[in-house]
Amino acid sequence: MKPPSFDLVIAETARDVTACLKEHGTDAKIIAGGQSLMAMLNMRLVKPKVLIDISRVADLDYIRRDGDFVEIGATVIQAQLEDWPELHSALPIVAKAMPHIGHFQTRNRGTVCGSICHADPSSELPLLLATLGGEVVLTGQRGKRVLKADEFQTGMLSTACGEGEFVTAVRFPAAKAGQGFAFDEVARRHGDFAVVSLAAVATGQDVRLGVGGVADRPTVLELNSEQGSDLDDKLNAFAWALGASDDIHASARYRRELVRRLGKKLVNEARDAAS
Ligand SMILES: Cc1cc2nc3c(=O)[nH]c(=O)nc-3n(C[C@H](O)[C@H](O)[C@H](O)COP(=O)(O)OP(=O)(O)OC[C@H]3O[C@@H](n4cnc5c(N)ncnc54)[C@H](O)[C@@H]3O)c2cc1C
């Protein structure tokens with residue numbers, strides 16, 4: 001199918017974007033890399049009257065260290081982050097997950113922030129942001145506000161981005177000495193959306209285990225020093241609490257089993273990697 005007709009505004013600055021959002025309100029939609037939005041338009045799942053293309057907004061094209069965070073501006077494409085020389089030392093878990101995000105062609109167009117704004121429950125970047133406890137920076141007419149990842153994604157394809165606001169950056173906590181990281185996912189083919197994806201961050205025996213692809217948003221379990229059957233029991237309760245359902249890709253039962261088994265593997269891997 002073809003998209004419905006729309007006007008296209010090519011923004012040059014973040015200020016242009018907020019002015020355009022103010023003028024057009026809910027009739028306007030941001031387009032960044034178009035890797036998800038074009039499909040939504042073609043299927044006529046969204047019908048904005050105005051598209052605001054932010055891909056040429058130069059002031060949002062940055063990756064920088066800011067204290068304990070790595071801040072990534074809204075026009076940074078996924079391939080830019082993949083090629084960032086500090087990625088493996090600053091965000092080792094993102095480096096591990098990057099090859100699983102679609103294909104190199106989609107990573108050459110899709111932005112980091114666009115993936116987080118699209119808020120697909122199976123997407124890797126929202127899962128990583130939630131597991132690491134990252135932040136989203138929103139900018140509107142009244143200035144900036146910063147939300148925690150779990151405040152930003154409110155459900156499947158839904159976020160707390162308000163009318164007149166857009167995301168100008170996301171902030172991933174940088175790796176600290178002694179932390180251990182693990183990531184894995186199961187997909188039907190490499191590059192497909194994950195059936196279940198998991199990420200784990202260990203600080204000593206304390207672990208944050210994030211799961212994507214099961215609930216309507218990435219969900220994080222905090223573990224302390226649970227081992228053996230205590231760990232099995234926690235993972236089993238977590239797997240049930242996610243409310244998995246059957247679909248054409250996998251049964252709910254299979255998804256729960258992946259959360260239990262892959263979850264245990266990742267918890268142990270992350271603890272082993274933490275020194
Ligand atoms: C074949 C294929 C396979 C894929 N496989 C995967 C996969 O395995 N894993 C995965 O995670 N993704 C996958 N994707 C999606 C891909 O990663 C997209 O790049 C990403 O989801 C959206 O990024 P984008 O920059 O293209 O955003 P767009 O498509 O331009 O926008 C997506 C949504 O976010 C909004 N938006 C974008 N930027 C902002 C902003 N700064 N502020 C507010 N709202 C904004 C848009 O209005 C739109 O609603 C795949 C895509 C394709 C085509």
Stokes-Einstein diffusion coefficient for the stretch 1-84 at 10 °C in a medium of 1.306 mPa s, Rh from the Kirkwood formula over Cα pairs: what value in µm²/s? 113 µm²/s
Projected area averaged over all directions for the convex hull of the alpha carbon atoms of the stretch 2-50, nm², comes out at 3.3 nm²
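Relative to the compact globular guide of 2.2 N^0.38 Å, what is the alpha carbon radius of gyration of the stretch 94-247, as a ratio? Let's see the in-between values first.
Numbers: Rg = 15.9 Å, N = 154, 2.2 N^0.38 = 14.9 Å.
After normalising by residue count via 2.2 N^0.38 Å, the value is 1.06.
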When only alpha-carbon atoms count, how far does the chain stretch along each of its three principal axes, as whole angstroms with the largest first? 58, 43, 33
Per the charge dipole of the stretch 191-253 (beta-carbon charges, Lys/Arg positive, Asp/Glu negative, Cα centre), the residue among Leu223, Gly243, Val201 reaching farthest to the positive end is Val201
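Summing -39500 (n - 2.57) over the DSSP H runs of n ≥ 4 in the chain and dividing by its residue number, what mean residue ellipticity at 222 nm do you reach, to the nearest 500 deg cm²/dmol? Don't jump to the answer; show the numbers that get you there.
Working: 11 runs with 93 residues, N = 275.
That calculation yields -9500 deg cm²/dmol at 222 nm.
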If you keep only loop residues by DSSP, which GluC sites (Glu not before Pro) in the stretch 226-275 have at most 16 other Cβ atoms within 10 Å of their Cβ? Glu226
Sorted by accessible surface (1.4 Å probe, heavy atoms of the protein chains only), largest first, Ser245, Ser158 come out as Ser245, Ser158
Please give the solvent-accessible surface of Met43 in Å², to the nearest 10, using a probe radius of 1.4 Å with every protein chain present. 110 Å²
Along the principal axes of its C-alpha atoms, what lengths does the stretch 42-127 span, in descending order and rounded to whole Å? 42, 29, 22
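How do Phe69, Phe172, Phe104 rank by accessible surface area computed with a 1.4 Å probe, from largest to smallest? Show your work: numbers first, answer last.
Working: Phe69 40, Phe172 0, Phe104 130 Å².
Highest to lowest solvent-accessible surface, that is Phe104, Phe69, Phe172.
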How much accessible area does Val146 have with a 1.4 Å probe, in Å² rounded to the nearest 10? 80 Å²
Taking the chain, the lysine pairs whose C-alpha atoms sit under 17 Å apart (8 or more places apart or on different chains) add up to 10
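Ratio of Rg to Rh for the stretch 1-147, alpha carbon only, Kirkwood? It would help to have the intermediate numbers written out before the result.
Working: Rg = 15.5 Å, Rh = 16.1 Å.
Ratio value, two decimals: 0.96.
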Considering only protein heavy atoms, with the full assembly of protein chains and a 1.4 angstrom probe, order Arg64, Arg253, Arg171 by accessible area, largest first. Arg253, Arg64, Arg171
Computed log₁₀ I(q)/I(0) - Debye formula, equal Cα scatterers, no solvent, the stretch 172-214, q 0.21, 0.34 Å⁻¹: -0.72, -1.16
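Determine, from the Cβ-Cβ distance of Arg253 and Asp230 and an R0 of 35 Å, the FRET efficiency 1/(1 + (r/R0)^6), rounded to the nearest 0.05.
Values: r = 23 Å, r/R0 = 0.66.
For Arg253 and Asp230, the calculated efficiency is 0.90.
The values are calculated or read from the model by the stated rules, or taken from the named source; none is laboratory data. In this text the structure is predicted, and so the values were computed from the model without any measurement. A quick note on method: Cβ atoms are made from the backbone with ideal geometry, for glycine too, and the neighbour counts reach across all protein chains shown. The protein model used for the area step is the full one, side chains on, heavy atoms only, and it has no ligands, DNA or RNA in it. Shrake-Rupley method; radii C 1.70, N 1.55, O 1.52, S 1.80 Å.
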